[in-house]
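Undergrad: The following block contains the structure, expressed as structure tokens.
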Amino acid sequence: MNSIRIALYGDLNLNYVDGSAIWAVSLVEALSGLPDVRVSFFLKAAVTKQEVIRPILEIPNVDIIPPPEGEKMLSPAAALDAIAAKESGAPFDAVVLRGFALCKQAARRPSLAGRLWTYLTDIPHEEQSLGEEDRQEIRAIIQASRHVLCQTRQFADYFTSIFPESRGKLNLLPPMIPAFETKTSPREARPDGVLQICYAGKFAPLWASREMLRAFATLRKLQGKTTELHVFGDKIHNPPEDPSFKPDIQAGLRKTPGVVWHGRTTREDVLRQLPSMSLGWAWRPAALEDHTLEISTKFLEYGLSGLPVLLNANAVVRDVLGEDYPLFARTEDQAQALLVDAAKNPELLKLAAERCQDVAGRYTIDAIRRDHLAKLIEPAPKPLSITLPRARKPRLLVAGHDLKFADALLKRLESHFEVDRNYWWGHAHHDVRLSEDSHRDADVVFCEWCLPNAVWHTTQPRDIKPVVVRFHRQELYTDHPRKLDMRYVRRMIFVGEETRRAAIEKFQWQDHADKLVVIPNYVDTATFDLPKTPDAPFNIGIAGVVPSMKRLDLALDVLETLRNADPRFRLFVKGRRPQEYPWFRQGRQGEAQYYLRLLQRIKDTPLLQDAVTFDGWGSDMGDWYRKIGAVLSVSDYESFHLAIAEGAASGAIPIVRDWHGAEEIYPGQWICGSIQQMADRILETANDPDTAGQRAKIKHHIRQSFDIGHVEQRYIRVLEDL
């Protein structure tokens, strides 16, 4: 059997001991252990220090390929050229790449299409930080890849929610650690009674370096010479915005009693020493942990060594360790308190150590090779050579750059249609040949958004099919709808009558008005039909307060009016905080100033202090609405405002500002013309002994008007009546 030839390159330098370099070497070791595999490992820079690369130097089926002569440091383009030069008529079966810039360039090379395994770690882990250009590039990478690799299930969920076209290509490749000598039970202390805490890694503000030294200094004062902190590593960041950081850390490492600073140490030496320690420090603040969807390799190394590990409870580690893991700390004070408890409680250490070691055992190189990599080298399925009979169900082609608003509906339509999705890489970018083939095979084309996708499907193909377009609202502010060939648009669907009227007027569609219909947004009402918490009557909620037209200032006005009457009222804000958006940090005028004033107002106003909670973004809307007694829509304008329908489906009292078109979507008694009217309605409901009856009527209205089952039937009638 011929060898499976795999090229691997990461946009990283193996002369530095960091997580990305260790990942690359570990992956080479894991791949080389698969049967009939030969790995060509391309280096970004010539190796001058062997600490990282040493484990793979003697593996016989690994070829280590330095940069071409004259190249000190390879650029992404030069690295891809080096890989191409080594193929010489015998193409690699797979090309594994790490780094967004590198993968972007690789996706533009047709010769690599279908052979790429792309590992994207250096992209934002928050949807609002992904710009349109990045989204287009990522879609191109997905299309060119055979496998897209990610580290955790949480990242996979996040990635597929934004790029559903990655389903079927996305595979987990968790972090991996070598198997090494471990201990089966934790040593609470050395024979002389010293509890040894250890840390191995870099020093940076978000890595809690100051916090670690402070916590240990406090513990040392309490425990005296019975505690030590062993620190491995010498990579200390020198951030320009924090000039005292590096000298503070250096002084702390050299002068803090009980700190043993081992300095620069090879990974092998660290792993040999870990089993003699008592506890591993892997705690990092929420400012970092709450915005990552990855798992710490250092935590795994501590755990496999048999150490209990102190760390923060982000979503990933909660998932693998369980909610009841005893050494989770959210704050620095909690971390410090747990260190004190651990020094006194051997049973606590034993329980945590057993849990960590059990989890870490699933991440050894052998385990990752067996459970994740082996299936990736299986040959891609070959297309059937026979002609399949045409499906009985009509073929519905769904085309657009962002299908998340329609995704749940499309899944239900699959029982009536053979649904094919054609994802565009942005408003105007797509694979023309794929679009032509998909269009030719379709019976009906459904364009989600009235953007260049709809223009193309009504003007470009030779055999134009019936086209249905779903028009949102932002299209009103573009010129794309004017370019449609309306002869081929059989139906255009709007979520509200006001947007329909505005489109007819702007684009002069009076002659086509009979084709323009209103079908509202849908609500999966069962998801929101959950019991309310006891405090719900005094909790008001608003979902989404960015951009400023969402009018958080008016929500604060409502809260202040309510608390003048009853101090039990609180406001809960669901969604990204303004500070989490890149434009806020960049100081964009207008928007940023608006939110800065509001945050200062909350801080300075007695009636608002401690009464506003920012719950953050999350997909747990059904559970969040359990505590919400009234839901606000105080925007300047909306096309539908799905949050009101979802809140009402939970039984929250809908409080809707009289934005234009609201009365054509929601009952008149839900709509208020002033802040005082909003507050009065909330107060009246909170004190109404028959609140349960009111909530039941509201939920019934949503089920009858917007339940996904009813909306689905309206779409089916439109699509079948063409």
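The values are calculated or read from the model by the stated rules, or taken from the named source; none is laboratory data. Everything numeric here is computed off the predicted structure, so don't read it as measured data. Neighbour counts are summed over all protein chains in view; Cβ atoms, including those assigned to glycine, are modelled from backbone coordinates with ideal geometry.
Undergrad: Within the stretch 255-316, considering only helices (runs of 4 or more DSSP H) that don't extend past its boundaries, which have at least 2 residues that are farther than 29 Å from Asp620 by Cα? Spell out how you get there, then give the answer.
TA: Numbers: elements: 267-273, 286-289, 297-304.
In the stretch 255-316, the matching helices (runs of 4 or more DSSP H) lie at 267-273, 297-304.
Undergrad: Restricting to the stretch 174-200, name every residue that is modelled with pLDDT of 75 or more, of a type outside the set (A, V, I, L, M) and farther than 20 Å from Ala342 by Cβ. Let's see the steps before the verdict.
TA: In the first step, residues of the stretch 174-200 are kept if they are modelled with pLDDT of 75 or more; the result is 174-179, 194-200.
In the following step, the residues that additionally are of a type outside the set (A, V, I, L, M) were identified as 174-175, 178, 196, 198-199.
Selection gives Pro174, Pro175, Pro178.
Undergrad: Confirm whether His512 is part of a helix (DSSP H, G or I) and without any contact (Cβ under 8 Å) to a residue 60 or more places away in the chain. If you could, list the steps in order and put the result at the bottom.
TA: Values: part of a helix (DSSP H, G or I): yes; without any contact (Cβ under 8 Å) to a residue 60 or more places away in the chain: yes.
Answer is yes for this residue.
Undergrad: Taking the stretch 29-50 on its own, how many of its residues are in contact (Cβ under 8 Å) with a residue 12 or more places away in the chain and farther than 15 Å from Asp93 by Cα?
TA: To start, the set of residues in the stretch 29-50 that are in contact (Cβ under 8 Å) with a residue 12 or more places away in the chain comprises 29-34, 36-49.
Remaining after also requiring farther than 15 Å from Asp93 by Cα: 29-30, 33, 42-49.
Adding up the residues that qualify gives 11.
Undergrad: Count, please, the residues in the stretch 135-173 that happen to be β-branched (Val, Ile, Thr) and over 17 Å from the mean Cα position of the chain (by Cα). I'd like the intermediate steps shown before the answer.
TA: Taking the stretch 135-173 as the starting set, the residues that turn out to be β-branched (Val, Ile, Thr) are 138, 141-142, 148, 152, 160, 162.
Cutting the leftovers down to over 17 Å from the mean Cα position of the chain (by Cα) gives us 141.
Going through the stretch 135-173 one residue at a time, the tally reaches 1.
Undergrad: Additional query: Exactly one condition in (1) part of a helix (DSSP H, G or I); (2) without any contact (Cβ under 8 Å) to a residue 12 or more places away in the chain is false for Thr527; which is it?
TA: Of the numbered conditions (1) part of a helix (DSSP H, G or I); (2) without any contact (Cβ under 8 Å) to a residue 12 or more places away in the chain, the odd one out for Thr527 is (2).
Undergrad: Moving on to the next point. Search the stretch 414-443 for residues being crowded, with 20+ Cβ neighbours inside 10 Å and touching a residue at least 60 places away in the same chain (Cβ under 8 Å), and hand back the single one that is nearest to Ile708 (Cα to Cα).
TA: Phe417
Undergrad: If you don't mind, there's one more thing I want to ask. Go through Gly544, Gly496 for me and flag whichever is buried (at least 18 other Cβ atoms within 10 Å of the Cβ) and at pLDDT below 95.
TA: Working: Gly544 fails: buried (at least 18 other Cβ atoms within 10 Å of the Cβ).
Among Gly544, Gly496, only Gly496 is buried (at least 18 other Cβ atoms within 10 Å of the Cβ) and at pLDDT below 95.
Undergrad: Of the conditions (1) at pLDDT 90 or above; (2) under 25 Å from the mean Cα position of the chain (by Cα), Arg588 satisfies every one except a single condition; which number is it?
TA: Of (1) at pLDDT 90 or above; (2) under 25 Å from the mean Cα position of the chain (by Cα), only one is false for Arg588: (1).
Undergrad: Go through the stretch 414-435 and count every residue that is over 26 Å from the mean Cα position of the chain (by Cα) and not in a loop (DSSP other than H, G, I, E, B).
TA: 6
The rows are residues; the columns are (1) over 35 Å from the mean Cα position of the chain (by Cα); (2) modelled with pLDDT of 90 or more; (3) charged (D, E, K, R).
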residue	(1), (2), (3)
Asn2	yes, no, no
Arg5	no, yes, yes
Asp18	no, no, yes
Arg38	no, yes, yes
Phe42	no, yes, no
Val52	no, no, no
Lys72	yes, no, yes
Ala79	no, yes, no
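Undergrad: Could you tell me whether Ala315 is of a type in the set (A, V, I, L, M) and without any contact (Cβ under 8 Å) to a residue 24 or more places away in the chain? Before the answer, list the steps.
TA: On the way: of a type in the set (A, V, I, L, M): yes; without any contact (Cβ under 8 Å) to a residue 24 or more places away in the chain: no.
Spelling it out, it is not the case that Ala315 is of a type in the set (A, V, I, L, M) and without any contact (Cβ under 8 Å) to a residue 24 or more places away in the chain.
Undergrad: If I ask for residues that are of a type in the set (A, V, I, L, M), part of a strand (DSSP E or B) and either in contact (Cβ under 8 Å) with a residue 40 or more places away in the chain or touching a Pro at 6+ places or on another chain (Cβ under 7 Å) (or both), which ones from the stretch 111-148 would you list?
TA: Taking the stretch 111-148 first, the residues of a type in the set (A, V, I, L, M) are 112-113, 116, 120, 123, 130, 138, 140-142, 144, 148.
Cutting the leftovers down to part of a strand (DSSP E or B) gives us 116, 148.
Residues satisfying the conditions do not exist here.
Undergrad: Continuing with this model, one more query. Does Gly496 satisfy being in the same structural domain as Thr458 (by TED's automatic domain parsing), of a type outside the set (A, V, I, L, M, F, W, C) and closer than 30 Å to Asp623 by Cβ? Explain how you work it out, then say what you get.
TA: Details: in the same structural domain as Thr458 (by TED's automatic domain parsing): yes; of a type outside the set (A, V, I, L, M, F, W, C): yes; closer than 30 Å to Asp623 by Cβ: yes.
It is true that Gly496 is in the same structural domain as Thr458 (by TED's automatic domain parsing), of a type outside the set (A, V, I, L, M, F, W, C) and closer than 30 Å to Asp623 by Cβ.
Residues are listed down the side, and each one gets a yes or a no for (1) buried (at least 18 other Cβ atoms within 10 Å of the Cβ); (2) among the small types (Gly, Ala, Ser); (3) farther than 20 Å from Gly426 by Cβ:
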position: Ser129; (1), (2), (3): no, yes, no
position: Ala140; (1), (2), (3): yes, yes, no
position: Gln154; (1), (2), (3): yes, no, yes
position: Ser161; (1), (2), (3): no, yes, no
